[in-house]
1. Does Gln289 fit the bill of being of a type in the set (S, T, N, Q), under 22 Å from Leu388 (Cα atoms) and touching a Lys or Arg at 6+ places or on another chain (Cβ under 8 Å)?
2. Would you confirm, using the coordinates I've provided, whether Ala158 is under 27 Å from the mean Cα position of the chain (by Cα) and without any contact (Cβ under 8 Å) to a residue 24 or more places away in the chain?
3. Could you check Ala323 against (1) over 29 Å from Gly89 (Cα atoms); (2) hydrophobic (A, V, I, L, M, F, W, C); (3) surrounded by fewer than 17 Cβ atoms within 10 Å (Cβ to Cβ) and say which number it fails?
4. I'd like to know if segment 200-220 contains one or more residues that are over 28 Å from Ala276 (Cα atoms), over 20 Å from the mean Cα position of the chain (by Cα) and not in a helix (DSSP H, G or I).
5. I need the full set of residues from segment 54-91 which are among the polar types (S, T, N, Q), modelled with pLDDT under 95 and assigned to a helix (DSSP H, G or I), in order please.
6. Could you tell me whether segment 387-403 includes any residue that is at pLDDT below 90 and surrounded by fewer than 16 Cβ atoms within 10 Å (Cβ to Cβ)?
7. Name the pairs: first residue in segment 58-72 and in contact (Cβ under 8 Å) with a residue 40 or more places away in the chain, second residue in a helix (DSSP H, G or I), Cβ to Cβ under 7 Å, at least 6 apart or on different chains?
8. Checking the structure you have, find out if any residue of segment 224-241 is in contact (Cβ under 8 Å) with a residue 60 or more places away in the chain, in a loop (DSSP other than H, G, I, E, B) and hydrophobic (A, V, I, L, M, F, W, C).
Amino acid sequence: MLRKAYFYLILLGALHLSPGALAIAEALDFAPQSTEQQKALATHFKAQDHLAALSQFDQAFGQSRFARSVDGQAFKAYLMYRSGLKITGIESLNRISQPQQMHPTLKKLWLENLKVDDPVLKHLNLSWSPRFRGIIPTEVLQAQEQRDQWNRLLLAAANDRPQSSLRDLNRLRRSSQKIFDADLLNLTEARILFQMNRLNETPSLYRSIPKSSDLWLEAREELAWTYLRLDQPEKALAEMKSLVTVFFRHALGPEPFVLLNLAHLSVCDYPAIFRASTEFKRRFGPRVQALAQLESSERLALIQSALNQMAQGKSREKMGELAALMPRRMFTDTHILHLTGLTAQLTRESQLLARLQMNPLNQGLEGRIRRAQEQALNQVRQLAQKELIEIRNMTQRLHLVEAEVIQRMHIESRKANNSSRLRSSGSPHRGEVLSFPASREVWRDEIGNFVVDVRECPRLEMSLSQRAQ
């Protein structure tokens, strides 16, 4: 007995195996080991050379009864997963109809090696049957339940059931989930509370999102809308001061300019409205042309180039001017992020299959890569169309605000002409006029820290009437 234990200790050191891996290597009794090819596969597997074992699998088992069995399918799927064919391996496992018949050693292999934080799992839309309990780690099954819960709460909010959505969100917060970060949960809760008209509870949630987050820009815009709804236009203007800087010119949509002008209208700063409208035209006139040209063959090649760079992990900032030509939501769209991540992983797996000369399987992957690329391309074009529609709608709203201003100024001008109280000439005091020099250079540390102090609107109306005379 002691000699046997000593022998295994030597083997453990020679193969650099962990004690758990050694126990599995000992118990490789779920697969036949009678032929030379099967013995060679077993040798590679015991040495944890999964790629060599996978390349030997078809020669060792072919179309045998074992290859068609639950154990054969699960073993080949495991070898794929450990060799780098992660999507192929996980999907092969998921297709097994009776996983509970799997050999205990294979169950242990999957249970110990499939991790909930494996990035590949984010690219897969798989539903795991309860029959996989004891095979798939509990954390993976819980992650699926949490994603389902997330989809339910979003659907409830979209169907005007915010109370149900908020309950699901609170349950998700109390769980030990690691899928959704705190910034996304805070932003989602703020949106639900906004929908429930519990406006006073939202600012702290919006402000909790740091500048380093990809959600910061959306959070500050929605915070400004909240302040406007709370009849605090000076705070809304302070937030918009951060957003309309040139720092965000490629990431900012057209709606913030409508919000900005509504805030200016609330404090009767009419000149600022026309300045903002002029800036809107300067920014979005060329933008409309760029988006409209995305249908051309030359632009389609640029879209594919941007998608390829996203698949390689490049951010919007690293793409430079190419990113400025794309729809602004392209870089945060969950569907595009899923497709580009899927394409990147499938491409790596296709290259590996080509090396292994597993041509039938590789042909299927190549087809999936093409379909994923086409879907991503179509999604970008749809985003471009939506952005064009958004710009057109926001332009119309800006025109309505301008029309309201012209009407108000006309009425105030008539009041000034008919009232002796308002006939005094002169310019307003410098402290009575709002000034937003956003075109100057802005340091990043300043963004998000602007403060605006406005007077009551009637007093501002009087000074503007004097300026209009």
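The values are calculated or read from the model by the stated rules, or taken from the named source; none is laboratory data. Note that this is a predicted model, so its numbers are computed, not measured. Positions of Cβ are generated from backbone atoms using ideal geometry, with glycine treated the same way; all protein chains shown enter the neighbour counts.
1. Working: of a type in the set (S, T, N, Q): yes; under 22 Å from Leu388 (Cα atoms): yes; touching a Lys or Arg at 6+ places or on another chain (Cβ under 8 Å): no.
No.
2. Working: under 27 Å from the mean Cα position of the chain (by Cα): yes; without any contact (Cβ under 8 Å) to a residue 24 or more places away in the chain: yes.
Yes, satisfied.
3. So Ala323 meets the others, but not (3).
4. No, segment 200-220 contains no residue that is over 28 Å from Ala276 (Cα atoms), over 20 Å from the mean Cα position of the chain (by Cα) and not in a helix (DSSP H, G or I).
5. The answer is Ser55, Gln56, Gln59, Ser83, Thr88.
6. Residues of segment 387-403 at pLDDT below 90: none.
Looking for residues that are at pLDDT below 90 and surrounded by fewer than 16 Cβ atoms within 10 Å (Cβ to Cβ), one finds none in segment 387-403, hence no.
7. Partner pairs satisfying both residue conditions: Asp71/Leu106; Gly72/Phe61; Gly72/Phe66.
8. No, segment 224-241 has no match at all.
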